[in-house]
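Here's the structure, in structure tokens; my notes come after.
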Amino acid sequence: MRGGMHLIGFLINSPINHTILTWADPGDQRLEAMGDLKRWQSLARTYERGLFDGLFFADTPGVFDRYKERSDEAVRYGVCWPPHDPVVLLSALAAATDRLGLAVTLSISAIHPYQAVRSLSTLDYMSGGRIGWNIVTGHLRGEHRALGLNQLDHDQRYDRADEYMEVCHALWSGVREGALKVDKASGVYADPAKVDIIRHEGKYFRCHTVPPALPSRQGHPVLFQAGSSGRGQRFAQKHADVVFSIQPHMTGMKTFMQELRAASGTGAPPKVTFGVQPVLGSSEAEAKRRLDDFASRIPLDAALSRLSGSLGVDFSQVELDLPLEEQQTQASQGLMKAMSASFENRRFTLREAAVRWGLAVGMPQLVGTPEQVADQLERIWRETGCHGFNVTPTITPSSIEEFVDQVIPILQKRGVFRTEYGGKTFRENLLS
């Protein structure tokens, strides 16, 4: 059997993770955590106790402002607003843990490659090699408006991203073996002959400097990418250690794996983690009641605000009670098709799909007892050949604690999940 299943916590530094209005649940502590580093540190220790490979912070660095061409609904209901910066959490979480990896989504829209390398590699060096970077090219209109930028078209964003990573890799590899002398007697810290001067003059970037940070124990941060288009997959094949994907069902997961393998040509494709959302109960009926409670709480305007922002379409101008397959919009046809297919051939309206999107942003929900959720995880892992899962919680922190205390032991007993960390760096633990 191949190496065991890998699990990554999937969080957002906002009032919710991926389920709208969970902050209003009496048991949820996310609002308190947003102003209390100690709560985040406690959460990270729970994940480390569960032997998760790491935490993965998604990010929407701008407000959802497509629905009705305003941000009112996102602000009113706390739909990923405010989008607090996840990068600032990493030092505190690294200090509270020893082995847990910490991956952050950082958009390349407005930050220069030099600054991205400087920030992330400093964290990587200080944490002993436990940082990861989810590279995103920036698709959200609200982000570009906030930064005063013009939004490039899809393929041009990836062309720019290729050049961006060229600069990053030059900076990461610029401190060569033997460069550091650290000779206190002579006062020589480093040999300049072994520290490269990066001279980059490209279409999108210019950079003339030496590396701003020392390489960590893992060399440079673990690189994630979530491109699902053909152009995005080519970018991931070239740069990513791990591809993160949201697919609504097993068929979509298998198709994605096949496409990624085909795109790899003769090379080995990156490892893939799929997003999932467990909903646990002492019985299947209780778990389903929990899911129904989450769905009943979601205001339609809040769900449409998120859906509109994600797909770049104002769904206030679309007939909500037409079946998905009859909708004619400018939205990504691939994503709309995936949403329609996720309902297992039932004719769902956009109204119903929006609420489903508000629950888990297209991720499959694994609903049932701990044993049933473990069954579903193992089945997906075995049948798709994926590397593992990005696991998003519902109520914070109780749903995370339930998963760690009730599902992890079942996976360990079956021999499909680790019983101890095998390495010290994120790369060692995640890519084994």
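Model label points for R382 and R45, set 7 angstrom from Cα along the Cα-to-Cβ axis, are 3.7 nm apart. Between amide H atoms placed 1.01 Å from N, distances below 5 Å from F348 occur with L324, all of them 5 or more places distant or on a separate chain. Residues considered: G265, G232, G312. Largest GNM mean-square fluctuation over the chain, using C-alpha springs under 10 Å, is found at G265.
Work out how much length S283 to K413 would gain on full extension: take 0.36 nm times their residue separation and subtract the Cα-Cα distance, in nm to one decimal.
44.7 nm
With respect to the chain, whose longest principal axis is taken over its alpha-carbon atoms, helix 154-172 is tilted by about 40°.
Order the peptides 349-355, 68-74 from the highest to the lowest mean number of other Cβ atoms within 10 Å of their residues.
Working: 349-355: 20.1, 68-74: 17.9.
The peptides rank, most packed first, as 349-355, 68-74.
Taking every DSSP bridge with both residues inside the chain, close to 20 percent are antiparallel. Rolling a 1.4 Å probe over the protein heavy atoms gives the chain an accessible area of 43 Å² per residue. Here's the picture: a label point sits 7 Å out from the Cα of I111 along the beta-carbon direction, and within region 196-239 the residues with their amide nitrogen under 14 Å of it are 221-224. Determine which residues of region 121-140 fall in the zone a paramagnetic label at S91 would reach in this model, i.e. backbone nitrogen under 15 Å from the point 7 Å along Cα→Cβ. The answer is 121-128. Where does helix 37-49 land angle-wise versus the long Cα axis of the chain, in degrees 0 to 90, nearest 10? Tilt relative to the chain: about 90 degrees.
Working ranking of peptides 170-176, 377-383 by packing, defined as the average number of other Cβ atoms within 10 Å per residue, highest first, is 170-176, 377-383.
Evaluate the charge dipole of the chain about its Cα centre and quote only its size in Debye, nearest 20, assuming +1 on the Cβ of each Lys and Arg and -1 on the Cβ of each Asp and Glu.
Numbers: 48 positive and 49 negative charges, 192 e Å.
For this selection, approximately 920 debye.
The portion of the accessible surface of the chain made up by carbon and sulfur, rounded to a whole percent, is 49 (1.4 Å probe; DNA, RNA and ligands excluded).
The values are calculated or read from the model by the stated rules, or taken from the named source; none is laboratory data. Because the structure is predicted, anything quoted here is derived from the model rather than measured. Reconstructed Cβ throughout: ideal geometry from the backbone, glycine too, with neighbour counts over all protein chains shown. Just so you know, the surface numbers come from the protein's heavy atoms only, side chains and all, with ligands and any DNA or RNA stripped out. Shrake-Rupley method; radii C 1.70, N 1.55, O 1.52, S 1.80 Å.
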